[in-house]
1. Sum -39500 (n - 2.57) across every DSSP H segment of at least 4 residues in the chain, then divide by the residue count to get the 222 nm mean residue ellipticity, nearest 500.
2. How do ARG122, ARG191, ARG73, ARG5 rank when sorted from fewest to most other Cβ atoms within 10 Å of their own Cβ?
3. Where does each of 132-145, 204-217, 166-179 land if you order them by average Cβ count within 10 Å, highest first?
4. If you build a Gaussian network model of the chain, linking Cα atoms that sit under 10 Å apart, which residue out of PHE131, PHE118, PHE70 swings the most?
5. What size of dipole, in debye to the nearest 20, comes out for the chain about its Cα centre when the only charges are +1 on Lys and Arg C-beta atoms and -1 on Asp and Glu C-beta atoms?
6. Kindly put MET83, MET74 in sequence by how many other C-beta atoms sit within 10 Å of each C-beta, fewest to most.
7. Using the Cα gyration tensor of segment 12-159, with a ≥ b ≥ c the square roots of its eigenvalues, what is the shape: rounded (a/c below 1.5), prolate (a/b larger than b/c) or oblate (neither)?
8. Rank these for me by crowding, HIS127, HIS197, HIS18, going from fewest to most other beta carbons within 10 Å.
Amino acid sequence: MDTPRWFPDELAHAGAEHRDPAYVATYDRKATTDPTEDVALLRESQLGATSVVVDLGAGTGTFALAAAPFCGRMVAVDVSPVMLAQLRANVARLGLRNVECAQAGFLSYAHQGAPADFVYSRHALHHLPDFWKALALSRIADVMRPGGVFLLRDLIFSCELRNVERAIEAWLAGAAERAHDDDAGQIGWTRAELEEHLRDEYSTFSWLLEPMLQRAGFEINEARYSPSGVYTTYVCIKQPAVG
Ligand SMILES: C[S@@+](CC[C@H](N)C(=O)[O-])C[C@H]1O[C@@H](n2cnc3c(N)ncnc32)[C@H](O)[C@@H]1O
């Protein structure tokens, strides 16, 4: 079925930086993400040689590349052709034969083949407003087998409503000094970049997202809230369809 005209243009909402080759070329050095804990978590949940895994909003593939040696089929999906080109280059460099790269968004990805045993998504769902997050979560549930595991990490606020400003100010105070590593000093996301995230993207509250996950057909097995109240990790189980 064609995407309805009233669906958003996900690439246009993916963040200008994710379409910028210069930003993408330095993304891994800026992010310094260690996927070890997430790969271990999936392996503890029976990730194995026949498992089908989908990484949505995969970026340069930090997680997909690390998990691929432990699964049967890895589908790394990202809406940005620039991110995807970097991901493809990384896959080729590592010679990984079980990684497929797909240019698609949460709302347009069409899964082929056996249902996913695992879906992973890190720091990407916040690009959609809440209405579209709910639809995206429902689409994720649709590509999974019952009992499959959905590991979701994002900037999701668990702080009390009355403490939001204090929590966010404390988070901003810890921002990196430098955005690029061609400068001296700490690199990472600067205060200006984090402020832009808050202003222009769609991070939401845990108490809004959790009913969305449940309504989409997931049981929340575990919710980990960062001490800052800014980051949340969910381990969810796809429930069997009712009726
Ligand atoms: C902050 S990066 C995170 C990348 C990777 N998951 C990581 O943890 O390093 C966000 C990624 O989400 C992608 N993205 C943004 N909106 C998306 C959408 N609607 N569907 C799929 N991917 C999206 C961007 O292109 C970008 O690669």
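What follows draws every value from the coordinates through simple rules; no lab data is involved. Just so you know, these numbers come straight off a predicted model, no measurement behind them. So basically every Cβ, Gly included, is an ideal-geometry build from the backbone, and we count neighbours across all protein chains shown.
1. Details: 9 runs with 82 residues, N = 243.
Theoretical 222 nm ellipticity from helices: -9500 deg cm²/dmol.
2. Values: ARG122 21, ARG191 14, ARG73 17, ARG5 5.
Placing the least packed residue first, the sequence is ARG5, ARG191, ARG73, ARG122.
3. Numbers: 132-145: 19.6, 204-217: 17.0, 166-179: 14.2.
Per-residue mean Cβ counts within 10 Å order the peptides as 132-145, 204-217, 166-179.
4. PHE131
5. Details: 22 positive and 32 negative charges, 140 e Å.
I would put it at about 680 debye.
6. Numbers: MET83 25, MET74 28.
Ascending Cβ contact count within 10 Å gives the list MET83, MET74.
7. Details: a/c = 1.42, a/b = 1.09, b/c = 1.30.
It comes out rounded by the Cα gyration axes.
8. Numbers: HIS127 23, HIS197 16, HIS18 20.
Neighbour counts put them in this order, fewest first: HIS197, HIS18, HIS127.
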